[in-house]
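Asker: Let me give you the structure first, and then I'll get to my questions.
Every number in this text was worked out from the coordinates using simple rules, so none of it is lab data. Small disclaimer: the values here were computed from a predicted structure and weren't measured. Cβ atoms come from the backbone with ideal geometry, glycine included; neighbour counts cover every protein chain shown.
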């Protein structure tokens, strides 16, 4: 299963997985590159002058998506958020 394209990524992560990020950009998903917590560049699909970006239609309606069942485990969301953001500060 392919993961959702990232809309922002640190430079070190981009360098490690450049091929995948460039493929995402080719498919129409722009990426903002960050140096630590500072945005430094935006990668966008190349569009020839006079042409437009081709956007594919959705293959299914959001109402047709099947969501996974809810977890029976209790989650401390504030603790999880603090852990995720720990490397940013």
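Asker: Out of 72, 15, 57, any idea which swings most in a Gaussian network model of the chain, alpha carbons joined below 10 Å?
Answerer: Among 72, 15, 57, the largest GNM mean-square fluctuation belongs to 72.
Asker: So, R0 is 22 Å and r is the distance between the beta-carbons of residue 64 and residue 7; what FRET efficiency does that work out to, to 0.05?
Answerer: That pair, residue 64 with residue 7, gives E of 0.35.
Asker: What percent do you get for the relative contact order of region 1-47 when only Cα pairs under 8 Å and 6+ apart count? Kindly include the intermediate steps, with their values, before the conclusion.
Answerer: Numbers: 58 pairs, mean separation 16.7, N = 47.
Here the relative contact order equals 35 percent.
Asker: Sort 29, 73, 17 by Cβ crowding within 10 Å, fewest neighbours at the top.
Answerer: Ordered from fewest to most neighbouring Cβ atoms within 10 Å, 29, 73, 17 come out as 73, 17, 29.
Asker: Looking only at the chain, where both bridge partners belong to it, what percent of the DSSP beta bridges are antiparallel (to the nearest 5)? Please report the intermediate quantities before stating the final value.
Answerer: Working: 5 of 8 bridges.
Close to 60 percent.
Asker: I would also like to ask the following. Using a 10 angstrom cutoff on alpha carbons, build the Gaussian network for the chain and name the most mobile of 65, 43, 22.
Answerer: 65
Asker: While we're here: If each residue's Cβ is checked for other Cβ atoms within 10 Å, how do 55, 32, 40, 9 rank with the fewest at the top?
Answerer: The most exposed by this proxy come first: 55, 40, 32, 9.
Asker: Report Rg(Cα)/(2.2 N^0.38 Å) for region 1-47, keeping two decimals. Walk me through the numbers before you get to the answer.
Answerer: On the way: Rg = 10.2 Å, N = 47, 2.2 N^0.38 = 9.5 Å.
Relative to the rule-of-thumb radius for its length, region 1-47 sits at 1.07.
Asker: With a cut-off of 8 Å between alpha carbons and a minimum separation of six or more residues, what is the relative contact order of the chain in percent? Each step should come with its number before you reach the end.
Answerer: On the way: 64 pairs, mean separation 17.7, N = 89.
Relative contact order for the chain comes out at 20 percent.
Asker: Turning to a different aspect of this structure: Take the chain, connect every pair of alpha-carbon atoms lying under 10 Å apart with a spring to form a Gaussian network, then pick out the residue of 35, 64, 24 with the largest mean-square fluctuation.
Answerer: With Cα springs under 10 Å in the chain, the top fluctuation among 35, 64, 24 is at 64.
Asker: Can you give me the three principal axis dimensions of the chain from its C-alpha atoms, in Å, biggest first?
Answerer: 53, 39, 19
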